[in-house]
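The values are calculated or read from the model by the stated rules, or taken from the named source; none is laboratory data. The shown structure was predicted, so the numbers you read here are calculated from the model rather than taken from an experiment. Glycine gets a Cβ as well: all are built from the backbone with ideal geometry, and neighbour counts include every protein chain shown. Accessible surface areas use protein heavy atoms only, side chains included; no ligands, DNA or RNA. Shrake-Rupley method; radii C 1.70, N 1.55, O 1.52, S 1.80 Å.
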Amino acid sequence: MDRSADVIVIGGGIMGLNVAARLAAARAGRVVLFEKRRFGAGESGKSGAILRQHYSHQTLIAMAQSSLAAYRALHERAPGGIGLQNPGMAFVCGPADRVGLERNVALQRSLGVEVESLDAAGLRTFEPRATFADGEIGCFERAASFVIPHLTLAAVAAQARAAGAELHEGCGVAAIEQDANRRATGVRLADGTRVAARTVVVCGGPWSRALLLAAGADLPLSAVAPEQAFFIPPAGHGPDRCIWADLVNDLYWKSETTGFTRVGRLSYEHDRAVPDPDSSDEGVSGAFLADSRARLARRVAGYREAVCWGGVAALYTVTPDAQALIGPVAGHDGLLVVSGFSGHGFKLGPSVGDAVTALVAGGDAGPFERDFFAPDRFARGARRSGAYGSSVLG
Ligand SMILES: Cc1cc2nc3c(=O)[nH]c(=O)nc-3n(C[C@H](O)[C@H](O)[C@H](O)COP(=O)(O)OP(=O)(O)OC[C@H]3O[C@@H](n4cnc5c(N)ncnc54)[C@H](O)[C@@H]3O)c2cc1C
């Protein structure tokens, strides 16, 4: 071997950077992260980075709570902050999702999240510019916030370096190396350099599947391309009242710090499969832009005439139950996977960093439940289900 480390982290998205920062802070030995392009080159850089706590599972709500606290602290500490804003988030649904929404709200409240329930009349008062049908209900989560992805990634990278982690951009891992017993022994970089380590953590987002497959681990991860549209709000409209998740129109929208309104779909139904993330086309279809405008205008009529700025197709790494794979890869000692966040992972980053640090070096895993995220759960016939089926709401 040319070089050595105690833990190698592959990938400089929000997961890899948080894992490296927390491992280094826990004095888990020499922590080295390799990012093949630049921090945020994958999913994280294009993320909506909404930090909500509306989920169907206790562990996810608690991880989102713990991460929100960490992001707030980072915003205070990082020079210039991480662009954290706190507009709150409203959810609206029709009769089909009523039971699920009420269950999620009750679960949130039991964990101390402040949530206001809204009937159709309450929704109309809450946002008079929108149209709500009788029978629709909703809720408003006051603490829901968002951050600016690239500021956040830079701040977490600075945290990791300050704690002693070594981070390398422009440095791709070509292969995970293992001994004859499939124990991780390190990685081989794209330039041929070999780096030894007893622990390798794969945080490669949409690229994770191919890396792991080459190492003999076939995990149910796949990449899809969710399209996002950006609109200039109609004259006099200003920013929206809050962030919105509209289950009736299968849509979420959010006023960005740029002044544009970002619009995306909640379900994965329209996201095309991406067999090779390296040759993914970032362009969006005119049909998607027109459909986004029509769906948004059904709720907020003023958007009917809004000027479209264009859009971008990003990447999600999805699993069959829309929950991530976090933990040791069965049959491969020393190899861990942290991927498959299915379009809702940014808000969980700090808590995932704590969890992986506990898995690797011991200590407190926080609200993370190992079995919930077990990478081998599908092989055991287990799968998670959320209140709203398969969607970025988890
Ligand atoms: C459009 C969009 C909107 C979203 N909105 C939200 C939201 O509002 N709230 C929320 O919580 N989540 C949201 N998400 C999801 C969230 O952004 C992701 O779950 C999260 O960013 C995943 O981070 P990651 O670190 O796992 O993956 P990535 O960010 O994809 O990072 C993986 C990194 O690994 C690197 N890499 C890959 N292979 C190698 C290799 N061989 N060697 C070295 N480096 C390698 C890549 O270059 C990449 O930088 C959104 C995602 C998208 C795309």
- Item | About the Cα centre, charge dipole magnitude for the chain (Lys/Arg +1, Asp/Glu -1 at Cβ), debye | 420
- Message: Along the Cα→Cβ direction, 7 angstrom out, place labels at D376 and R194. What is the inter-label distance in nm?
- Response: 2.8
- Placing +1 on each Lys and Arg Cβ and -1 on each Asp and Glu Cβ in the chain, then taking the dipole about the Cα centre, the residue among G48, T199, Q58 whose Cα reaches farthest towards the positive end is T199
- Message: Quick check: Cα centre of the stretch 40-108 to Cα centre of the stretch 220-258, how many Å?
- Response: 15
- Note on the structure: Helix 349-361: inclination vs the chain longest Cα principal axis, degrees, rounded to 10, gives 30
- Roughly how many Å is it from the Cα centre of the stretch 137-155 to that of the stretch 343-394, as a whole number? 19
- Query: Which one of A69, A379, L189 is farthest out on the positive end of the charge dipole of the chain, using unit charges on Cβ (Lys, Arg +1; Asp, Glu -1) and the Cα centre as origin?
  - Reply: A69
- For the stretch 125-205, which chymotrypsin sites (Phe, Trp or Tyr not before Pro) are both in a DSSP coil and crowded by at most 11 other Cβ atoms within 10 Å? none
- Item | Dipole of the stretch 280-394, positive end: most advanced residue of G362, G334, G394 [Cβ charges, Cα centre] | G394
- Would you please report the Å³ per residue occupied by the convex hull of the alpha carbon atoms in the stretch 42-151? 125
- Message: Looking only at the chain, where both bridge partners belong to it, what percent of the DSSP beta bridges are antiparallel (to the nearest 5)?
- Response: 70
- Message: Using a 1.4 Å probe on the protein heavy atoms, what percent of the accessible area of the stretch 324-393 belongs to carbon and sulfur?
- Response: 45
- Query: What shape does the stretch 71-125 have by the C-alpha gyration tensor, where a ≥ b ≥ c are the square roots of the eigenvalues, rounded means a/c under 1.5, and otherwise prolate means a/b greater than b/c and oblate the rest?
  - Reply: prolate
- Task: Between beta-carbons, use under 11 Å as the cut-off and find the net charge around A120, counting Lys and Arg +1, Asp and Glu -1.
- Result: -2
- Message: Could you tell me how many cubic angstrom of Cα convex hull volume the chain has per residue?
- Response: 129
- Item | Accessible area per residue, Å², the stretch 151-254 with all protein chains present, probe 1.4 Å | 38
- To the nearest 10 degrees, how steeply does helix 286-299 sit against the main Cα axis of the chain, on a 0 to 90 scale? 50
- Message: Suppose all protein chains stay in the model; what accessible area per residue would a 1.4 Å probe give for the stretch 1-129, in Å²?
- Response: 40
- Query: Could you give the angle, 0 to 90 degrees to the nearest 10, between helix 149-162's Cα long axis and the longest principal axis of the Cα atoms of the chain?
  - Reply: 30
- Item | Relative contact order [Cα under 8 Å, 6+ residues apart], the chain, whole percent | 23
